[in-house]
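Worksheet: one structure, shown below.
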Amino acid sequence: MHIHILGICGTFMGGVAALAREAGHRVTGCDAGVYPPMSDQLRALGIDLIEGYTPDQLALKPDLFVIGNVVSRGNALMEAILDAGLPYISGPQWLAEHVLQGRHVLAVAGTHGKTTTTSMLTWILEDCGLQPGFLVGGVPQNFGVSARLGRLDEASRPASGHPFVIEADEYDTAFFDKRSKFVHYRPRTAVLNNLEFDHADIFADLAAIETQFHHLVRTVPASGRLVVNAREESLERVLKRGCWSDVARFGVRGDVPGFRARGEPHAFDVLKSGVLVGRVEWSLLGEHNQMNALAAIAAAEHVGVAPKDACAALGRFANVKRRLELRGTVRDITVYDDFAHHPTAIRTTVDGLRRKVGPGQRILAVFEPRSNTMKLGTMKAQLPWSLEEADLAFCHSGGLGWDAHEALLEMGERAVVSDHIDTLVAKVAKVARPGDHILCMSNGGFGGIHDKLLKALG
């Protein structure tokens, strides 16, 4: 089959393309911006890429057009597909029908930590010999790729019943399918990592997102397992709407049945219903990663991996790129990159770095409110709270429809705002001193600010 993917350079659709190519399909695709690293990864797989959405791409005569959710009505190529009555399908639905069907799907959902927890779970299964398939919204460093089919049968098809781990996003599927992506995946094991308000561009409030999460719960069979964060009231509300599967809770306190951690985030015992079942020792920071680990351990147990073995595997886990990733050190000034963009994620990331460096060293938080939710200003009031542990905060305010100066006013002189990245770099470089830790946070490329900072500091 020849498939042509619209919006191919997004992380998810790029993963779909890689899986389709591995499965033996001819794959081509287009996007508004065809640029590295995704363009290089796709071309290395033999996938031809086209810049833009021009109607003349109909001449490729694919068997099927696969549509990413970046595509909307008015897109020239999409309009031509509709006018010609040609077959099209969303990325999540194609994945469900051509890759996930018959597999034991382990889906990791939640506002935060999806990519990291998916990567942890995938690595546990790999390290324990299960050869899982996976699709992750990032590049797990244990694998070096964001997607693969996993173990195949004698006919070189995905093995029936074999595990496939997928990052399960609550964002909508496509312009013609406004359900969350994850309702297509039909998991047997579903991780509900956490649930806060996000995606203000498509959800009116938290209750609307809870409804989508309950749609996911409804798809898990009675023989399946829900792995649920015991500390989230929002998730308890989701379960109260109806639950038909076994529930394994993590992050429990006291004698409540479930998984909990005892010890510091970098070295902790794992207890199940009060009984010691393993120990994790690794280089990751923060309580959030400790919670992610508990979720991955509980999910892996559902496919037969003993918690003790899962804990040992996590000791060999290499984190995902762009998760407190060290980008360089100049004059004893260290620059990090992180994907954090939601206020809770920003706070968690800054707090994790603070635990690492201690109270005596300065943290300079450099961030851009780039997500659709943050651009709308829905959570701007939470920014001072999210940056409490930072000594100085530098905000890139370009493209915002709200006043970042006003939002950060209570931080006083600790906050600096600029519409231009180069100006922001100059301001950071001017005040940075040996021993400082510069933490750059964005869900985009941030205009190459990491390299610009390292150059300016040198």
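Bear in mind these aren't lab numbers, they're just calculated from the coordinates by the rules spelled out. This is a predicted model, so every value here is computed, not measured. Cβ: placed from backbone, ideal geometry, glycine included. Neighbour counts: every protein chain shown.
Report, in whole Å, the centroid distance computed from the Cα atoms of region 176-192 and region 107-147.
17 Å
Determine the relative contact order of the chain: mean sequence separation of Cα pairs under 8 Å and six or more apart, normalised by residue count, in whole percent. Write down the numbers at each step before the final one.
On the way: 972 pairs, mean separation 51.0, N = 458.
Computed over the chain, the figure is 11 percent.
Based on other C-beta atoms within 10 Å, arrange Arg316, Arg347, Arg355 from fewest to most.
Arg316, Arg355, Arg347
Which of the lysines could a cross-linker span from Lys308 if the Cα-Cα distance has to be under 20 Å and same-chain partners fewer than 8 positions apart are dropped?
Lys272
Go ahead and run the numbers for FRET between Glu196 and Lys240, Cβ-Cβ distance against an R0 of 25 Å, rounding to 0.05. Write down the numbers at each step before the final one.
Details: r = 18 Å, r/R0 = 0.72.
So the FRET efficiency works out to roughly 0.90.
Tally Lys and Arg at +1 and Asp and Glu at -1 over the other residues with C-beta under 12 Å from the C-beta of Ala300: what net charge comes out?
Cβ neighbours under 12 Å give a net charge of -2.
Report the FRET efficiency, 1/(1 + (r/R0)^6), for Ala207 and Glu97, where r is their Cβ-Cβ distance and R0 is 41 Å, rounded to 0.05.
0.85
In Å, what is the Rg of the alpha-carbon atoms in region 102-314, and how long is Dmax?
Both quantities, over Cα of region 102-314: 16.4, 50 Å.
Mind ranking 393-404, 50-61 by how tightly packed they are, going by the mean number of other C-beta atoms within 10 angstrom, highest first?
Numbers: 393-404: 17.8, 50-61: 13.8.
In decreasing order of mean packing, 393-404, 50-61 become 393-404, 50-61.
In the chain, what percentage of the DSSP-assigned beta bridges are antiparallel, given to the nearest 5?
That works out to approximately 30 percent antiparallel.
If one computes P(r) from the Cα atoms of region 147-209, what percent of pairs lie at distances over 14 Å? Spell out each step's value before the answer.
Working: 1315 of 1953 pairs.
Counting pairs separated by more than 14 Å, the tail of P(r) holds 67 percent.
For region 1-49, with equal point scatterers placed on the C-alpha atoms only and solvent neglected, what are the log10 I(q)/I(0) values from the Debye formula at q = 0.18, 0.26 1/Å, to two decimals?
For region 1-49, the Cα-only Debye profile gives -0.41, -0.90.
When each pair of different Cα atoms in region 2-90 is counted once in the 1/r mean, what is the Kirkwood radius in angstroms, to one decimal?
The Cα-based Kirkwood calculation yields 12.7 Å.
Summing -39500 (n - 2.57) over the DSSP H runs of n ≥ 4 in the chain and dividing by its residue number, what mean residue ellipticity at 222 nm do you reach, to the nearest 500 deg cm²/dmol?
-8500 deg cm²/dmol
So, with +1 on the Cβ of K and R and -1 on the Cβ of D and E, and no other charges, what is the size of the charge dipole of region 2-90 about its Cα centre, to the nearest 20 debye?
160 debye
Report, please, the projected area of the chain averaged over directions, based on the convex hull of its C-alpha atoms, in nm².
Mean projected area for the chain: 21.8 nm², to one decimal.
Take every Cα-Cα distance within region 202-361, group them into 10 Å bins from 0 onward, and report for each bin the whole-number percent of pairs it holds.
9, 31, 34, 20, 5, 1
With N denoting the number of residues in region 325-457, provide Rg(C-alpha) divided by 2.2 N^0.38 Å, to two decimal places.
0.94
Which pairs, out of Lys181/Lys321; Lys321/Lys427; Lys321/Lys356; Lys321/Lys452; Lys178/Lys380; Lys114/Lys321, put more than 21 Å between their alpha-carbon atoms? Could you put the intermediate results ahead of the total?
Values: Lys181/Lys321 23 Å; Lys321/Lys427 27 Å; Lys321/Lys356 18 Å; Lys321/Lys452 19 Å; Lys178/Lys380 26 Å; Lys114/Lys321 13 Å.
Violating the 21 Å limit, Cα to Cα: Lys181/Lys321; Lys321/Lys427; Lys178/Lys380.
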